[in-house]
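The block underneath contains the structure these notes are about, expressed in structure tokens.
Just so it is clear, none of the values below were taken in a lab; they were calculated from the coordinates. Remember, it's a predicted structure, so these values are computed and weren't measured experimentally. With ideal geometry, Cβ positions are generated from the backbone for all residues, glycine too; neighbour counts draw on all protein chains shown.
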Amino acid sequence: MNIDKRWLLLLAAAAGAGAATAVAWASSRRQHHRTNRDLEHTADLKSWENEGGNLAPAPSVPILP
């Protein structure tokens with residue numbers, strides 16, 4: 001079966017656009033989940049601090065591996 005070069009080019013462009021859409025969708029979804037997780041963490045931290053909890057002080061000497 002012979003495929004015309006124009007059809008092959010069109011098929012390659014469509015496949016590339018589909019792949020780019022999939023990558024963009026996955027990236028957007030990942031960012032959305034990350035943002036939601038950060039917002040929940042912030043709300044939990046504020047709630048914890050309002051209960052009288054204190055954050056641990058930062059170490060004065062960096063911890064070496």
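At-a-glance table
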item: In nm, spacing of pseudo-spin labels at Ala56 and Arg29 (7 Å Cα→C-beta vector); result: 3.5 nm
item: Gyration tensor (alpha-carbon) shape descriptor, segment 1-40, a/c threshold 1.5; result: prolate
